[in-house]
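Reading through the structure tokens given below for one structure.
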Amino acid sequence: MSDEAKKDQKAQAGKGFPFTVVRRIVQVLVLLLFLVPVLVAGWGLFGGMVGGDDAIATPAESFPFYGTLSSSTLFGITLLDPFAVLQTIAASKAFDPAWLLGLLPLLVLYGLIRGRVFCGWVCPVNLLLELVDWLRSKLNIKVEEHVLPRHVKAWVALGVLVLSALLSFPVFEALSPIGFINKGLVFGSLAGGLTLLAILLVELFWGHRVWCRAICPLGGFYEVVGKVGLVNVKIDHDVCIGCNKCKHACLCDPEILDAPVAGEDVIVRAGDCMLCGKCIETCPVHALSITAGRPRA
Amino acid sequence: MSAGKVIAGIAAAVLAAEGAWSVAGNAQSKLLRPPGIQSEADFMARCIKCGKCIEACPYASLHAAGPSAGAAAGTPCIDAREQACRLCLDFPCVAACPTGALRDVEKRTDPNAGYARIDEEVCIAYQGYRCEVCYRICPLIDQAITIDFQAMEEDDIHTKFIPTIDPHVCTGCGLCVERCAVDEPYVPIRIITLAESERSGARQ
């Protein structure tokens, strides 16, 4: 079979897995999941509930899951955001084995798949900024594509830990725009609101995805975790035509596709990849796919 | 300079102001905390603002501190006059805390969120009225609040029933503040929170 025929056959195999549609559903479901306990208990959103003389049903008891992205409880098992735990250790200069137990489920889950799967599939700020992307294109606002190197966020994460130790409080937990959306809805916390405002300004008028790509310390933490991970985007060099459309579609940073497209690597190895699947959906010749394991370059 | 850079500068300024406010506001915070706080500094170092204590409180007494609290914004606190802590026997808020910001509470006498103080100028018991609302509502009646019988000046028959707080026993639940019958010109009983007493020195 000629190369042309091979490509045609692949193209006819259909568009493949609808990553963006499924991801959007997951993002919205995760956002709503945290609201279910407070709604089921009849407390309503934004923390407006005030009790009386008698004990009332609580979100903690009304549903097998409750909490926020910093910590939640699922069927009695405590889940802790690993980066929040690191900040707490730095701020309190203390350590409790229970914290390790609490962070393991999420760290193992994201560690086994890919660190920044959190960013692509769970984080409500990413969901909002994808809306900003759409809005910007509708309003025809042009912004710079690449304003800060992607590794800056890992250094911001380290800076957050150092600052947490110096100031003795978990610094990102106090300023997190993720917390503003997630906790604002669940119990009315306004912490991090100004951060989100600053991000929206920057995203709309300065740089494309600058927060998620280069600044967010939680993304920086998960970038480091993402150096390993058994689910990866694989490239078929025989099929790739080097059109670079995948790079323009990439939600993380175009440069993480440089090595695979140049034929230097068989997978997207950078810890940044959040498995959003945009590159796979965009590729006109279906040279990209998801693979299990980490084949060598 | 491009418009984009100006926006970036404004955004950076907003972030810097937010960070500075976090630190400054935190230093002035005197919030009333749920049971299980060990010290305000220890609490602030451990609390990740997950809100699970808020979601676990059967009396919905806990709410998130507002933005004026600086770095403490989003941490759990109690407005005693609106809805005080009921000192549950099983302390679901402490049980819900994943980082030990709230911890080491077993008995109702263990919490140490602060202590109540009465303003003698406004409390009607000091004027000779029988009230004792704070005394009767106190979950630690006859321990944290007792009645001190004092003879009235220039009166051989009547006695003042003065509610007297033991600051070493009082847990700072705030139920006396919620139920106090007086609110003009102001509520004569309030909680000196742990953060406040730490800042001003030991309990007298």
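Just so you know, all these numbers are worked out from the coordinates, no wet-lab data involved. Note that the structure is a prediction, hence the values are computed from the model and not measured. Using ideal geometry, Cβ is built from the backbone for each residue, glycine included, and neighbour counts are taken over all protein chains shown.
Classify the protein assembly as shown: rounded, prolate or oblate, from the alpha-carbon gyration tensor (a ≥ b ≥ c, eigenvalue square roots; a/c under 1.5 rounded; otherwise prolate if a/b is larger than b/c)? Verdict is prolate for the protein assembly as shown.
If I fit a long axis through the Cα atoms of helix A:97-112 and take the longest principal axis of the Cα atoms of chain A, what angle between them do I get, 0 to 90°, rounded to 10? Computed tilt is about 20 degrees. Here the label points at B:GLN127 and A:LEU39, each 7 Å from Cα along the C-beta direction, are separated by 5.1 nm in the simple model. Taking a ≥ b ≥ c as the square roots of the eigenvalues of the Cα gyration tensor of the range A:182-280, is the shape rounded (a/c under 1.5), prolate (a/b larger than b/c) or oblate? Prolate, since a/c reaches 1.5 and a/b exceeds b/c. Within straight-line reach of A:LYS227, meaning a Cα separation under 12 Å, sit the following aspartates and glutamates at least 8 residues removed in sequence or on another chain: A:ASP272. Roughly how far apart, in whole Å, are the Cα centres of the range B:36-55 and the range B:162-204? Centre-to-centre (Cα) distance: 21 Å.
Cysteines of chain B lacking any other cysteine Cβ under 4.7 Å from their own Cβ: B:CYS47, B:CYS50, B:CYS57, B:CYS77, B:CYS88, B:CYS97, B:CYS123, B:CYS131, B:CYS138, B:CYS170, B:CYS180. Excluding the site residues themselves, the longest part of chain B lacking any GluC sites (Glu not before Pro) in a DSSP loop with at most 11 other Cβ atoms within 10 Å is B:1-105. For the protein assembly as shown, the dipole from Cβ point charges (+1 on Lys and Arg, -1 on Asp and Glu) about the Cα centre works out to 2380 debye, to the nearest 20. Can you give me the C-alpha center-to-center distance between the range A:254-268 and the range A:71-97, rounded to a whole angstrom? Each part's Cα centre sits 36 Å from the other's. Here the dipole of the range B:3-96 is about 120 debye; that uses its Cα centre as origin and unit charges on the Cβ of Lys and Arg (positive) and Asp and Glu (negative). In terms of overall dimensions, the C-alpha atoms belonging to the range B:1-153 reach 79, 38, 23 Å along their principal axes, ordered largest to smallest. Along the axis of the charge dipole computed for chain A (Cβ charges of +1 for Lys and Arg, -1 for Asp and Glu, origin at the Cα centre), the listed residues A:ALA287, A:CYS250, A:PHE95 are led at the positive end by A:ALA287.
Assign unit charges at the C-beta atoms only (+1 for Lys and Arg, -1 for Asp and Glu), then state the dipole size of the range B:73-139 relative to its Cα centre in Debye, rounded to the nearest 20.
With Lys and Arg at +1 and Asp and Glu at -1, about 160 debye.
With a Förster radius of 45 Å applied to the beta-carbon distance between B:PHE161 and B:ALA41, the computed FRET efficiency rounds to 0.70.
Residues B:LYS5, B:LYS160 in ascending order of nearby Cβ atoms (within 10 Å, fewest first): B:LYS5, B:LYS160.
Farthest toward the dipole's positive end in chain A, which of A:TRP211, A:LEU74, A:PRO37, given Cβ charges of +1 (Lys, Arg) and -1 (Asp, Glu) about the Cα centre? Final value for the positive-end residue is A:TRP211.
Judged by a Cβ-Cβ distance under 4.7 Å, the unpaired cysteines of chain A are A:CYS119, A:CYS123, A:CYS212, A:CYS216, A:CYS240, A:CYS243, A:CYS250, A:CYS252, A:CYS273, A:CYS276, A:CYS283. What residue among B:PRO185, B:PRO98, B:PRO67 has the largest mean-square fluctuation in a Gaussian network model of chain B, using Cα springs under 10 Å? Checking each option, the largest mean-square fluctuation is seen for B:PRO185. With neighbours defined as other Cβ atoms within 10 Å of a residue's Cβ, the residues A:ILE25, B:ILE189 order from fewest to most as A:ILE25, B:ILE189. From least to most packed, judged by other beta carbons within 10 angstrom and beginning with the fewest, B:ARG117, A:ARG269 follow the order B:ARG117, A:ARG269.
For B:ILE189, the residues whose amide H sits under 5 Å from its own are B:ASP119, ignoring neighbours fewer than 5 places away on the same chain, with H placed 1.01 Å from N. One chain, two ends: A:LEU166 and A:HIS248. Fully extended at 0.36 nm per residue, the span grows by 25.5 nm beyond their Cα-Cα distance.
Positive-end ranking of B:GLY174, B:ILE157, B:CYS131 along the dipole of the range B:114-200, with charges on Cβ about the Cα centre, is headed by B:GLY174.
For A:ILE290, the residues 5 or more places off, or on other chains, whose built amide H falls under 5 Å of its own are A:LYS234.
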